[in-house]
Every structure is written in C-alpha cells, then in structure tokens.
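Notes follow once the structure below has been shown.
The values are calculated or read from the model by the stated rules, or taken from the named source; none is laboratory data. Predicted model only: the values in this text are computed from it and were never measured. FYI the Cβ positions are ideal-geometry reconstructions off the backbone, even for glycines, and counts take in every protein chain you see. When the accessible area is computed, the model is the full protein with side chains, heavy atoms only, and any ligands, DNA or RNA have been set aside. Shrake-Rupley method; radii C 1.70, N 1.55, O 1.52, S 1.80 Å.
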Amino acid sequence: MATIIENIEIDETNEEFFLASELVKYGHKLIYLTGKAGTGKTTFLKYLRQTTKKNNIVLAYTGVAAINAGGQTINSFFKIPFGPFLPNDKRLRPRPDINDEDKSTIYNHFQYNTEKLEIIRGLELLIIDEISMVRCDLLDVIDKILRIYRKRENQAFGGLQVILIGDTFQLPPIDKDWHILEPFYESTFFFSSKVIQDNKPVYIELKKIYRQNEQEFIELLNRVRINNINQNELNLLNSKFDPNFSPNAKSSYITLATHNNIVERTNLSKLSELPGDIQLFEAIINNDFPENIMPTERVLQIKEGAQIMFIKNDKPKRIYNGKIARIKKIEHQKITVEYEDNGDIIEFEIEKQIWNNIRYNWNDKEKKIDEEIIGTFTQYPIKLAWAITVHKSQGLTFEKVIADIGSAFASGQVYVALSRCTSFNGLILKSKIDFSAIKTDAKVIEFAKNETPGTLIVKELNSGKADFYYEKLREDIKLLDFEGAYVNFIKAIKLRNDIETDIFRKYFITTANKIGSYRKKHAVNFNELIKELQKNEEMQFSISNLKIENLNQQTIINEQQKTIDVFLAKTRELEKKSKKLISDISILEIENLNQQTTINEKQKTIENLLNRTEDLEEKCEKTNSEISVLTTEKMNIEINIQQIKKTRLEQILYIAKLENTIENHEKEIKRIGTLKWYHKLFGQH
C-alpha cells in the first residue's frame, strides 16, 4: 500500500529519497539533503517525521517555516540571541581564560532548565529545515551548545545525528553582519561554518522534479540555477517579456516581485478596484502564538471577487499550498471560493484551519520527546494573491506567473521566481532579464561539487546498518539472549565483517571474561543456566518426553522452594515490623489527644472566618455587577475600534487610488508638454 503524506503519494521509485531515509534510520552521519525546486524536500521532511523512531525535533530559521514544518525556530529553542557570533566568542567557551578578568562562560549566557537539558541530551536526530537561510556562525553556535551540554566536546554536534534540508541555490542567508564575520568565514552560507568544514556531510541530492514536466523548461531552469545560461537561452527566456500584459479577472495570474512595496501596492490597488465593501475576518488566537510566526494575516481584509491563494493543503485534495482561487461569495461570515480545473469550475466553501505553536518537552517515564501545543492560530487558510514577494514564494507552486524580477538583487532570486511556475507557457515576464540579474554565488557552485556518489552512499548505508546490528548484538548479549545475538551477528558481518578488527577482538575478550567471571561468582546460577541449555538441546534432538517432564517438574519444585524461603523471610520481617507498629500506635494515641484539643480551638477560629466570608461574598456580588457594566462598555469600545480600522483601511485604499490618478494626470501633463505648436495646429492632441 502506497504511503500518503498530506495528500501526496510517496514515489516508491525515487531512489535518492529512500536512500536518504534509510541512511537516517540506520546511520549516525551528518547529512545534507538538497534538490532543485519541486523535487520534494518538504515531502521528505514530513515523511521522515512520520516514519522515524528516533527522538527528534525540527528547527527552522524563520517562524512561518517552523510552524509549517511542525517545529520551532532555531533561536527560540536554543535561546540564541540575534546578532553575529565569532569563532572565539567568549559567550561560547566552556571555561574562562586564566588571565581574563571576564570569568563568564557558556553556562552564564545559555542557561537551560532541567527539562530542556533532558531534551538536548535525549535527542537522537536534529532536523534543520531551510538550511540555505542559516548563516555560518549560527550553525557553529548550535554545534558548540550541543557539544558542551551533551558533554561530548570532541564530537560534532555532541555526537547527535543532524540532517540539513534545503537548497543553497535558492535564497541565501541575511548578510547584514558580514563585515564582522568576513575575517573568519569564507561566505555567509552554512557550509562555510567551522563544523561543516571539519566534518564533511553525506551530500544527497533529490533528482526527480515533480513541479514541471516540460524537459526544455526544466533544462532552462537548471542552467539559470547554476548561472550557466547563454545568449540564446536568455533570448528564449525574454521571449516571455510582455510589459503590457493585463490578465483578465479570471485568469489566476500571480505577480512575483522582488520588493515588498510593489507587492503591497499591487494587492491594495487591485482590492480597491473591486465593487463592494471590505469584509474583515479576525483570527482566533489562543495562548502563546506570536505575530512573527503567523502564517497569514491576523485580520483578513477581502472582498467578493478578490484573488486569493491557499497557504495550506486541505484533506479532500481540492487545493494545495499556493493554489490560486477567487472569492465568489461572502455571506454570514462564510467564504465560498471557485477556481478552474481543466475547464470545469470547482466551487466550495472553505473552512478555517488551525496552526499549532509547539514546545518540545521531555517525557522522563518513556525517555522520549513529546510535543506540547502552547498556542493555536485559527484562520481561513488564504491571503490576497495578485502579488507576492519572491522570498515568500519559496516552496510554493503556481500555474500562471507574472515575474517582475528585472531588478533582482539577491543570489538565487531569479531562479526561485521562475521555478515557482509549473510550465513555460504559464510564464510572463513583466521586465526583461539580463545576465546581471541572474546571480549564483561562486561558493555555492563550488560546494555543489561535493555531492556524494551513489556508490559511496550505499557503502555508508551498509556501514550504518552494520553498526545498527552490532549494537543489537551487544544489547542481546546483555540480556543473555544468545539466539538473538547470533541472528544479529550474522546480519552484521554480511554487511561489514569486523571479526578480525582490534575493536571486535577486545569486545569479544572483554565479554567472554565477564561471562567467565559471572560463572565463578554465581556458580549455582550458571549451572542452572547450563542445565537449561542442555534441556533445550535435548528437546531439539527429541530425547524422551518423560525426562524433559521430570526436569521441568524439578525446576518447578526448586522455584516453589525459593518462593517458600522468600515467604518465610518476609514473615519474620513482618513480625519485627508489627512489634514496632504496636509501640508507635501507643505514642500516636497520646499525640491524638493533644491534637484534639488543638482542633477544638481551631474550630472556633473557622466559625469566625465563616462569618467574615459571608460579608465578603456580599461585597463580591456588588463588584461583579460593576464588572458586568464595564465589560459591556469595553465591548462597545472594541466595536468602535474595528469600525475605525475599517474606515482607515478604506481611506488608505482611496488614497492609493488617488495616487494612481495623480500619477496618470502627471503623465498626461508631461505628454501634452512635449507637443509642438504645429501638433496643436493640426489638432494632434
């Protein structure tokens, strides 16, 4: 039966996908999982979380990414302050220098409660999503914290398996502090961190692209991705340039722009052009859900006819994250949307969705990490979608795109924008693209050469499986399960024969000595063990049933005798305790008489308190009445505030419309100013 993850059927033929999954299951290696846009990196993360048995957490750099991945942000989990950290930062040292007056250490700057320490030490797998946006120094801080608080300072990430998911060819880290970090790091990217430089990860790239199926378009995107595009390919791309293109109201095009102000102006302008009043839909927020992690607006401002996109998959498979639709009807706080699907109009009423803000807790009883929901955000899973920034479009899929990316300023922006579109036919360029707009960091291209060959991945996987079965072998021996130990030993040596290694020789000799020592120390028990083994051997060779039955009966008699001996010992112990209890009861009776006197005195005090309580209850009733009046006034004030917000928004929209009108008038005045006298003479206006 096929595995389904959020309405997506897992492709059983995707070799790299399952190699990476097996490597996580059996190995302990550091892994970097990447892939071009649309290869299923997010699907892999969700599959991994659903199938792994390891104690794991998911972290991401941005709040929205963390919420969508079902985890926390890096900074909030580890309590890392924003700002640069240098490799020799005093805030990360386990002990101060002898001659330094500042005696602070990592324990002063990163303080964790007992439960957080249990989580850090009980972790088996750390998944970091959106790794392309994690700056080099931040990954080094994570490494340092894990080394020290897991008490394994000589092991990368404190011996914890870490999987890094993302694509460095897409959006890069924020580089505002690069002038401080530049003397210490080769680039801002995570792969320039000291921990990655010293510990080469297994580099796995997902190859199969699911977003596009036009081979020519896929190849063009790949060349844009690595900044290896020639003039003919650039001409082909710019053949989609159409600055006057104006989509009709039902064509579902979305504009991808590089700057926030363009997006905001486009969405507000388009909304103001629609007839009717703006409808407000306020989210329901319970407990702790900060604004910086909200997946959509706290107060949605929409109209009938507005173009929206969905920001979450729904279970009936009607829509997906990034699906464009149009609001057909708003009635009684209910929203009906419609979209075209292969010529058919699909219409349905959308439902509110719940996003959880989670916190990781340590379950000491089961020795595992639990997720606690500390806040929820309930809202319709939509946002206005005439335009969106390239940055916020990462991870989304659109059928029709107007790309306004001629002024791209960051590495990977052009690639991210173009690769959102499912087909070349669905792409329109609002501004031409030249070679200077297509940026790919040279360090990224160099790092991409480190992809681990498939044969080495298989070798690494087999080694991980061997370690897994050798560990099972050791556990079986501790439990004296020699049959299980033999089975796991055979599995292990088929994958990697360690019999002639020094480590195996030392382990074998040590274990044999322990068993020998145990035999000398517990001769009787060892003889019983030998008898049991002989009994099993006799059963295997079909020695007489009577002899086996007698042996079993003798064993039962011995067990019963042991039980009787234990019972007699407990009986003698109970007799001693009974004598002591009789003595204790006599003392308690005396104390009881004294306590009864005290109780009588306290009873009088309680009666006085009851009388005072009645007076207080009367005062409370009066106070509750006053609070009720204040609550009504507060509700009226909140209604007035909402009305003021609505009026203010309408004013903003009206101002935006006026600004557009003024801009058009200024263009007309400028045009008339350029007319010559003879143009006017001949009536050319």
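Some points to look at:
- Ordering of 427-433, 182-188 by packing [mean C-beta count within 10 Å, highest first]: 427-433, 182-188
- Close amide-amide hydrogen proximity is noted between I374 and N357, I358, R359, each under 5 Å apart and 5 or more residues distant or on a separate chain (H modeled in the peptide plane; Pro and chain starts excluded).
- Calculated on alpha-carbon atoms, Rg and Dmax of region 108-208 in Å: 14.5, 47
- Across K79, K352, the residue with the most accessible area heads the list, and the full order at a 1.4 Å probe is K79, K352.
- Where W386, W178 fall by accessible area, highest first, once all protein chains stay in place (1.4 Å): W178, W386
- Computed from the C-beta positions of W178 and E264, the FRET efficiency with R₀ = 30 Å rounds to 0.60.
- P(r) of region 58-178 over all Cα-Cα pairs, binned every 10 Å from zero, in whole percent: 12, 43, 35, 9, 1
- Around the amide H of I382, modelled in the peptide plane, lie the amide H atoms of I311, all under 5 Å away and 5 or more residues distant in sequence or on another chain.
- Around the amide H of I5, modelled in the peptide plane, lie the amide H atoms of I10, all under 5 Å away and 5 or more residues distant in sequence or on another chain.
- In the context of the full protein assembly, I8 retains an accessible surface of approximately 70 Å², using a probe radius of 1.4 Å and ignoring ligands and nucleic acids.
- With 30 Å as the limit on Cα-Cα distance, the pairs of K383/K667; K144/K176; K383/K645 that go past it are K383/K667.
- Computed log10 I(q)/I(0) for region 1-87 at 0.14, 0.15, 0.16, 0.26 Å⁻¹: -0.60, -0.68, -0.77, -1.46, from the Debye equation with unit scatterers placed on every C-alpha and solvent omitted.
- Taking region 429-446 and a reference point 7 angstrom along Cα→Cβ of E205, the backbone N atoms nearer than 12 Å belong to 445-446.
- The length gained on full extension between R496 and T51, counted as 0.36 nm times the residue separation minus their Cα-Cα distance, comes to 157.6 nm.
- Karplus-derived HN-Hα couplings along region 643-654 (A = 6.51, B = -1.76, C = 1.60, θ = phi - 60°), whole Hz, x at Gly and Pro: 5, 5, 4, 5, 5, 5, 4, 4, 5, 4, 5, 5
- Using only alpha-carbon positions in region 323-462, the gyration tensor eigenvalues give semi-axes of 34, 32, 16 Å once each is multiplied by 5 and square-rooted (largest first).
- Estimated distance in nm for a label pair at S104 and E668, the labels positioned 7 Å out from Cα along Cα-to-Cβ: 6.4
- P(r) weight above 23 Å for region 270-371, C-alpha pairs, percent: 41
- Put a dot 7 Å past the Cα of K646, heading toward its Cβ, do the same for V458, and the two dots end up 6.7 nm apart.
- Surface per residue (accessible, 1.4 Å probe) for region 337-416, Å²: 45
- Using the average count of surrounding beta-carbon atoms within 10 Å as a protection proxy, the listed peptides 96-102, 372-378 rank, highest first, as 372-378, 96-102.
- Over all other residues within a Cβ to Cβ distance under 11 Å of A492, the charged ones net out to +3, with Lys and Arg as +1 and Asp and Glu as -1.
- Net charge contributed by nearby residues that have their C-beta within less than 9 Å of P243 (K/R +1, D/E -1): +1
- Each label point was placed 7 Å from the Cα along the Cα-to-Cβ direction; for S407 and I284 their separation is 4.2 nm.
- Heavy-atom SASA rank of H665, H179, H332, H109 (probe 1.4 Å, accessible area, largest first): H332, H179, H665, H109
- Across region 371-385, rounded Karplus estimates of 3J(HN,Hα) from the backbone phi angles (6.51 cos²θ - 1.76 cosθ + 1.60, θ = phi - 60°) give 9, 10, 7, 9, x, 9, 10, 10, 7, 5, x, 9, 8, 4, 9 Hz, Gly and Pro being marked x.
- Taking all Cα pairs closer than 8 Å and separated by 6 or more residues, the relative contact order of region 133-260 comes to 23 percent.
- Here the peptides 53-59, 648-654 are ranked by packing, the mean other Cβ count within 10 Å, and the order with the highest first is 53-59, 648-654.
- Note, ³J(HN,Hα) from phi for region 63-71, Karplus 6.51, -1.76, 1.60, rounded to Hz, x at Gly and Pro: x, 5, 4, 5, 5, 5, 8, x, x
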